[in-house]
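The values are calculated or read from the model by the stated rules, or taken from the named source; none is laboratory data. Predicted, not measured: the structure shown is a model, and the values here were computed from it. Methodologically, a virtual Cβ is constructed for each residue, glycine included, from the backbone with ideal geometry; neighbour enumeration extends over all protein chains shown.
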Amino acid sequence: MPPLETANLLKLLLFVDERAATQGYAQEIQAYLQGLQQQDDFELEVLEISENPDLAEHFRLVAAPSLVKIYPAPRQTLAGGDLVAQVKRWWSQWLADVTSQGGDQAESDRYSVTQIRLAEDLFRLKRENAELNEQLQFKDQVLAMLAHDLRSPLTAAAIAVETLELAHTHEDPERAAQLKHQLYKHARTQFRVMNRMINDILQAAQGKNSGLNLQLRSLQLRPLCEDVLSQLTLRFAAKDLTLIQDIPQDLPDVYADGELIRQVLTNLLENAIKYTPPQGTITVAILHRTAQKVQVSVADTGLGIPAEKRDLIFEGHFRLKRDEAQEGFGIGLALCRKVIQAHYGNIWVDSTPQKGSCFQFTLPVYR
Ligand code: ADP
């Protein structure tokens, strides 16, 4: 067959499938077309539907055999067992249309199968390329974020170690020993912080394969928060809780999975509602923390969480004894942590017992 792009010809596609009846009709129409005088005036391409599902979908074909006239415009599809009769009816009109549109090479090219395929491939590749670029940028950003975060404990540990040298020269041996003890302790704490951060990073990397299947996109947090809050209006009203919102208008987008972040916000707000006595206050605030991070907080005026339990509640299947009477399974916060870690963010709780808890998490800014 000659390449489709070279001439202004009547262009026809014959779609067939494997059924015997279809094959029979297809052969009939092929034989008819091949027997025509005007062999130089048209091109026929025969396509097996199952091998070309994308094209069948493109032409919205529901039956086989189908004969699609793709040039000259407008596109026309003939289907059914009497294709020969239908073609006979249209043939002279089609040839006349080719002559009248004959000069328009660009129009002709637009309708070639190869062009359609290439355009579809190009579209898909462009999208994949954009997604990969976003992912690369995200990785760069995560690296910058981690370097930034690791620097604080590293600097603190370095200062402690440097100060240790000075402690050796202290005149009062008792004071020197005391100082050394404090500095060692400080350095150890900072090393532990770094260790935990590195563990978090490793877990986040694993999170990719842990069934979360993140769909990272540029995401606006403000409308998402407002939507989640609007779903909970009745729950707030039922306990006569006051809601305070502190979400800036000019918040940058984050790079996150909207559905999963919705789940995190919902979990935190449901907990805040559940664990805050009537007439309490719940505050949702978002802060553009650094160039790379946005920080979301959900604070309540509930009973708070004892210091020694603040890590445990994120472990999963852990509930405070006092809350065992409340409905729940102790998995909400573990899921929140898994989601946030998979975004290379952090989640934690600050709390003053008897006064309230403030759950916070960070997300990377979208650039
Ligand atoms: P669940 O609420 O189903 O028990 P979670 O994983 O969401 O599970 O929370 C774990 C535990 O942390 C809760 O059982 C509760 O003891 C404590 N907790 C969570 N959120 C709050 C909050 N806002 N105030 C006080 N305690 C909380």
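Could you give me the residue pairs with C-beta distances under 6 Å whose first residue belongs to region 306-326 and is over 19 Å from Cys358 (Cβ atoms), whose second residue is modelled with pLDDT under 90 and not small (Gly, Ala, Ser) wherever it lies, and which are 6+ apart or on separate chains?
Sorted first by the residue in region 306-326, then by its partner, the pairs are Gly316/Ile331.
Does region 123-138 hold any residues that are closer than 16 Å to Arg217 by Cβ and basic (Lys, Arg), and which are they?
Answer for region 123-138, where residues must be closer than 16 Å to Arg217 by Cβ and basic (Lys, Arg): just Arg127.
Contact list please: Cβ distance under 9 Å, first residue in region 80-94 and over 21 Å from Arg19 (Cα atoms), second residue among the hydroxyl-bearing types (Ser, Thr, Tyr) and at pLDDT 90 or above, pairs at least six apart or on different chains.
So the pair list comes out as Val87/Tyr32; Lys88/Tyr32.
Can you list the helices (runs of 4 or more DSSP H) found entirely within region 53-118 that contain at least 3 residues being at pLDDT 80 or above, under 24 Å from Gln37 (Cα atoms) and not aliphatic (A, V, I, L, M)?
The helices (runs of 4 or more DSSP H) meeting that bar are 83-101.
In region 121-170, which residues are polar (S, T, N, Q) and assigned to a helix (DSSP H, G or I)?
Taking region 121-170 as the starting set, the residues that turn out to be polar (S, T, N, Q) are 129, 133, 135, 137, 141, 152, 155, 163, 169.
Answer for region 121-170, where residues must be polar (S, T, N, Q) and assigned to a helix (DSSP H, G or I): Asn129, Asn133, Gln135, Gln137, Gln141, Ser152, Thr155, Thr163.
If Thr301 satisfies every condition in (1) more than 9 Å from the ligand (Cβ to nearest atom); (2) touching a Ser or Thr at 6+ places or on another chain (Cβ under 8 Å); (3) under 22 Å from Ile201 (Cα atoms) but one, which is the exception?
Just one mismatch for Thr301, condition (3).
In region 250-287, which residues are away from the ligand (no atom under 15 Å from the Cβ) and more than 18 Å from Ser230 (Cα to Cα)?
Asp250, Leu251, Pro252, Asp253, Val254, Tyr255, Ala256, Asp257, Gln279, Leu287
Please enumerate the residues belonging to region 40-52 that are in contact with a helix residue (DSSP H, G or I) (Cβ under 9 Å, 6 or more places away or on another chain) and either in a strand (DSSP E or B) or closer than 16 Å to Val84 by Cα (or both).
Residues satisfying the conditions are Phe42, Leu44, Glu45, Val46, Leu47.
Out of Glu324, Glu308, Glu315, which single residue is more than 11 Å from the ligand (Cβ to nearest atom) and either surrounded by fewer than 19 Cβ atoms within 10 Å (Cβ to Cβ) or over 25 Å from Leu251 (Cβ atoms) (or both)? Talk me through it step by step, then tell me what you get.
Details: Glu324 fails: more than 11 Å from the ligand (Cβ to nearest atom); Glu315 fails: more than 11 Å from the ligand (Cβ to nearest atom).
Just a single option satisfies the conditions, and that option is Glu308.
Restrict the check to region 324-336 and report whether at least one residue is on the phi > 0 side of the Ramachandran plot and out of contact with any Cys (no Cβ under 7 Å at 6 or more places or on another chain). Reasoning before the result, please.
Taking region 324-336 and keeping what is on the phi > 0 side of the Ramachandran plot, we get 328, 330.
Then drop every residue that is not out of contact with any Cys (no Cβ under 7 Å at 6 or more places or on another chain), which leaves 328, 330.
Among the residues of region 324-336, at least one is on the phi > 0 side of the Ramachandran plot and out of contact with any Cys (no Cβ under 7 Å at 6 or more places or on another chain), which makes the answer yes.
Phe329 is checked against (1) within 13 Å of the ligand (Cβ to nearest atom); (2) aromatic (Phe, Trp, Tyr); (3) surrounded by 14 or more Cβ atoms within 10 Å (Cβ to Cβ) and fails just one. What number does that condition carry?
Here Phe329 meets the rest and fails (3).
What number of residues in region 299-310 are under 28 Å from the mean Cα position of the chain (by Cα) and more than 25 Å from Ile244 (Cβ to Cβ)? Quick ask: steps written out before the conclusion?
Here is the first cut: in region 299-310, the ones under 28 Å from the mean Cα position of the chain (by Cα) are 299.
Within this subset, residues satisfying the condition of being more than 25 Å from Ile244 (Cβ to Cβ) are none.
Qualifying residue count for the region: 0.
Among the residues in region 124-134, are any at negative phi and in contact (Cβ under 8 Å) with a residue 40 or more places away in the chain? Show your work before the answer.
Going through region 124-134, the residues at negative phi turn out to be 124-134.
Imposing the further condition that a residue be in contact (Cβ under 8 Å) with a residue 40 or more places away in the chain reduces the set to 134.
Checked region 124-134: at least one residue is at negative phi and in contact (Cβ under 8 Å) with a residue 40 or more places away in the chain.
Within region 332-359, work out how many residues are within 12 Å of the ligand (Cβ to nearest atom) and either out of contact with any Asp or Glu (no Cβ under 8 Å at 6 or more places or on another chain) or at pLDDT 95 or above (or both).
So the first thing to find is which residues in region 332-359 are within 12 Å of the ligand (Cβ to nearest atom), and the list is 332-338, 347, 349-359.
Next cut, either out of contact with any Asp or Glu (no Cβ under 8 Å at 6 or more places or on another chain) or at pLDDT 95 or above (or both) only: 333, 335-338, 347, 349-359.
Qualifying residue count, region 332-359: 17.
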